[in-house]
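**Q** So that we are looking at the same thing, I have put the structure below in structure tokens.
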Amino acid sequence: MIWKPIQKDPESYSKRPNLLDYAKTAAAFSWETVRSELDGLPGGGGLNIAHEAVDRHADGGLWDHVALQWLCSDGTSRAFTYGELKKQTSRFANVLDGLGIGKGDTVCALAGRIPELYIAALGTLKNTSVFCPLFSAFGPEPIYQRLSKGDAKILLTTHGYYRRKVEQLMDRLPLLKHVLLVDVADHPDNGLLSLPKLMAAASDTYVIPPTDPEDIALLHFTSGTTGMPKGALHAHNAVLTHYLTGRYVMDFHPDDVFWCTADPGWVTGTSYGIISPLLHGITNVVDEADFDAGRWCDILAKRKVSVWYTAPTAIRRLMRMGIEPARAYDLHHLRVIHSVGEPLNPEAVVWGVKAMGMPIHDNWWQTETGGIMIANFPAMEIRPGSMGRPLPGIESAIVRRVAKDAVKVIEAPDVQGELALRPGWPSMFRGYLHDEARYRKCFVGGWYLTGDLAKRDADGYFWFVGRADDIIKTAGHMVGPFEVESTLMEHPAVAEAGVVGKPDPLMGEVVKAFVTLKPGFAPGDALRLEIIGFARKKLGSAVAPKEIEFTPDLPKNKAGKIMRRLLKARELGLPEGDLSTLEDSR
Ligand code: AMP
């Protein structure tokens, strides 16, 4: 089916879009101009994300303006003004100072969407240490991998998460200096610390130390197809991309109320769930609760959300429920809806027009890019099913590898290849922690290769085709098959495991494992459930397989590596492709 482009009349907007003339803006673009719109630290002390997001607004006339509108899952809410956020984040920065934490030290947070996490993120940036969020639905194993690989010195968490997920790991984490509990009033006896107690004793003023734009600010773990998670490092200079995309993609205007539904355990929830809206001095809604269609529509209406950033899985859930929020709720404040993280079906874009009163704007980026790179900008024609066009300042292309160290740009439109970006944008990752070789491998022939397959049409719109590797995207969350396979193989009955993403109409993909058993174990439902339970306990619900299929053997290449590509093709009933490398092919 060919989807008709959706052209909106800019005159119909309640607010004039910030990016009206794409071609002109892109041609005149310079990152220096973007930098000149930010403050920089007083006295030429450099560039610090938290200063730009919080202090400059608190000191610049927005002291009483609501920065964070936090909605608790019990139905209550709490507003934090820019003034209060300045004080609280300063307290947290002082707490870190007091614990001997400073430039370059890793501060991890394992918590739901609670105010302490937001305060800690920004306070860590003030202190010039490195903030690293961990998804709270992870089980102990993924948490251990990230804490140890990230050299975490501080972990902020709740008492419950500590008991269930962290306590058992403490002996294996010699670098972890302190665990700060957000929900205990006094320091427990066992060396843990009460964050409220530390915060109460800390000063609410803080002078941000000089911060070089290249100082590392954020550490985001992402999954690869081989090996354990990779820690992508981002510098304070990323703030330029966060600011620019807030302006051109999100289309932030003063007095906007923004809601990003992503969890800060993932990069979207940090770059856009914390930083970008605050850079623009607007109100950022944070909902502690998980998806609930009625609650979400209520939030959009009652909190007068004007810009909404969500994900295809959530949109598909709303679609399936057959509800049309625009009919039942007062959504007249809502100006623009964005989506990211996985392909947004054309049907969903068109559904938006009918059910939400406006189309949904898809955009594309990844942990390594630090911010949005390709987008359907609000004033631009939307091509349903397309990710949009590159952000001004970003050069992107479709390339084909022609040698180990060379690629060729595919100039012809509508030809599939790998999506590539010209290195050098401010939020480009600066490395994979402790893995320089892996970082270098991402750059070939003057391009950063994203690992995504895509096409570009004659008008410069990019269309997502799929991943070039075996990475799984389930409900928008990236899962590395190797991490899951390794855990499954710890089960006494499992000989080998091959893990793939099985397409799913709601979640995009679900994690499916093919498992061979050790001698003496027989396949059966009881064993299947036991292995799923085992994996959930270790990996957490977000990562563990939803399905297990027992198989007498797994396809391997001649080097003995499990061919996940083949497992997936067999699962989908697709042609198996080139089998010349298969172990038992002759
Ligand atoms: P992450 O690093 O976890 O944010 O995941 C990044 C990956 O998600 C990309 O490399 C894509 O494979 C996928 N992705 C992100 N946005 C989109 C989109 N708009 N359409 C299709 N895939 C997307």
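Just so it is clear, none of the values below were taken in a lab; they were calculated from the coordinates. Note that this is a predicted model, so its numbers are computed, not measured. Backbone-built Cβ (ideal geometry, glycine too); neighbour counts: all protein chains shown.
**Q** Against the empirical 2.2 N^0.38 Å scaling, what ratio does the C-alpha Rg of the chain come to?
**A** Relative to the rule-of-thumb radius for its length, the chain sits at 0.96.
**Q** Assuming a ≥ b ≥ c are the square roots of the Cα gyration tensor eigenvalues, decide whether the stretch 378-435 counts as rounded (a/c under 1.5), prolate (otherwise, with a/b larger than b/c) or oblate.
**A** Oblate shape, in that a/c is at least 1.5 and b/c is the bigger or equal ratio.
**Q** Given a Förster distance of 51 angstrom, what is the FRET efficiency for TYR13 paired with ALA200, based on the Cβ-Cβ distance and rounded to 0.05?
**A** Rounded to the nearest 0.05, the efficiency is 0.65.
**Q** For THR474, THR551, THR369, THR89, what ranking results if the residue with the fewest other Cβ atoms within 10 Å of its Cβ goes first?
**A** In order of increasing Cβ crowding within 10 Å: THR551, THR474, THR369, THR89.
**Q** Shifting gears a bit: Using 26 Å as the Cα-Cα cut-off, could you pick out the over-long pairs in LYS230/LYS546; LYS149/LYS538; LYS4/LYS455; LYS230/LYS518; LYS15/LYS126?
**A** Check vs 26 Å cut-off fails for LYS230/LYS518; LYS15/LYS126.
**Q** Taking Cα centroids, how far is the stretch 313-349 from the stretch 458-507 in Å?
**A** 25
**Q** Rounded to whole Hz and in sequence order, give me ³J(HN,Hα) for the stretch 82-87 from the Karplus expression 6.51 cos²θ - 1.76 cosθ + 1.60, θ = phi - 60°, writing x for Gly and Pro.
**A** 4, x, 5, 5, 4, 5
**Q** Highest mean first, what order results for 271-279, 516-524 on Cβ atoms within 10 Å?
**A** 271-279, 516-524
**Q** Please report the base-10 log of the normalised intensity I(q)/I(0) for the stretch 185-326, using a Debye sum with one equal scatterer per alpha carbon and no solvent, at each q in 0.11, 0.13, 0.17 (1/Å).
**A** So the normalised log intensities work out to -0.62, -0.83, -1.15.
**Q** Tell me the net charge near PHE221. Cut-off is 14 Å between Cβ atoms, PHE221 excluded, with +1 for each Lys or Arg and -1 for each Asp or Glu.
**A** Once positives and negatives cancel, what remains is -2.
**Q** Pull up the cross-link candidates among the aspartates and glutamates for LYS354, meaning alpha carbon to alpha carbon under 15 Å and not fewer than 8 places away within one chain.
**A** GLU324, ASP330
**Q** Stick to Cα atoms and the Kirkwood definition of Rh, then tell me Rg/Rh for the stretch 390-538.
**A** Taking Rh as the inverse mean 1/r over Cα pairs, Rg/Rh reads 1.08.
**Q** Where does each of 498-506, 409-417, 356-364 land if you order them by average Cβ count within 10 Å, highest first?
**A** Top to bottom by mean Cβ count within 10 Å: 356-364, 498-506, 409-417.
**Q** At what distance in nm do the modelled label points of ASP39 and HIS434 sit from each other, each positioned 7 Å from its Cα along Cα→Cβ?
**A** Rounded to a tenth, the inter-label distance reads 3.7 nm.
**Q** Between the alpha-carbon centers of the stretch 19-56 and the stretch 95-125, tell me the distance in whole angstrom.
**A** Answer, in whole Å: 25.
**Q** OK, next. Send over the per residue convex hull volume for the stretch 470-572, Cα only, as a whole number of Å³. Numbers along the way, then the final one.
**A** Values: hull volume 10.0 nm³, N = 103.
Each residue corresponds to 97 Å³ of Cα convex hull volume.
**Q** Going by a ≥ b ≥ c, the root eigenvalues of the Cα gyration tensor, does the stretch 88-155 fall in the rounded group (a/c under 1.5), the prolate group (a/b larger than b/c) or the oblate group?
**A** oblate
**Q** Just to check I understand the Karplus step: with θ = phi - 60° and J = 6.51 cos²θ - 1.76 cosθ + 1.60, what whole-Hz values come out for the stretch 99-113, glycine and proline as x?
**A** 8, x, 9, x, 2, x, 6, 8, 10, 9, 10, 10, 7, x, 7
**Q** Name the long-range amide H neighbours of ARG467: under 5 Å, sequence gap of 5 or more, or other chain; modelled H, no Pro or chain starts.
**A** Hits under the 5 Å cutoff: LEU453.
**Q** DSSP loop (so not H, G, I, E, B), at most 15 other Cβ within 10 Å: list which chymotrypsin sites (Phe, Trp or Tyr not before Pro) in the stretch 39-114 pass both filters.
**A** Answer in residue order: TRP63.
**Q** Assuming R0 = 51 Å, can you tell me the calculated FRET efficiency for the pair ARG327 and PHE443, based on Cβ-Cβ distance, to the nearest 0.05? Show your work: numbers first, answer last.
**A** Working: r = 50 Å, r/R0 = 0.97.
Working from the Cβ atoms, E equals 0.55.
**Q** Give the shape of the stretch 22-93 as rounded, prolate or oblate, defined through the alpha-carbon gyration tensor: a ≥ b ≥ c are the square roots of its eigenvalues, a/c under 1.5 means rounded, and otherwise the shape is prolate if a/b is larger than b/c and oblate if not.
**A** Here the stretch 22-93 falls in the oblate category.
**Q** Provide the FRET efficiency to the nearest 0.05 for the ASP525-LYS302 pair, computing r from the beta carbons and using R0 = 51 Å.
**A** My answer for the efficiency is 0.65.
**Q** Mind listing the phi-derived Karplus ³J(HN,Hα) values for the stretch 340-351, rounded to whole Hz, using 6.51, -1.76 and 1.60 with θ = phi - 60°, and x for any glycine or proline?
**A** 7, x, 7, x, 9, 4, x, 4, 5, 5, 6, 4
**Q** How many angstrom separate the Cα center of the stretch 148-190 from the Cα center of the stretch 544-562?
**A** Each part reduced to its Cα centre gives a spacing of 36 Å.
**Q** Grab the DSSP H runs of the chain that are 4 residues or longer, score each as -39,500 (n - 2.57), total them, divide by all residues and round the 222 nm result to the nearest 500 deg cm²/dmol.
**A** Mean residue ellipticity at 222 nm (helix-derived): -6500 deg cm²/dmol.
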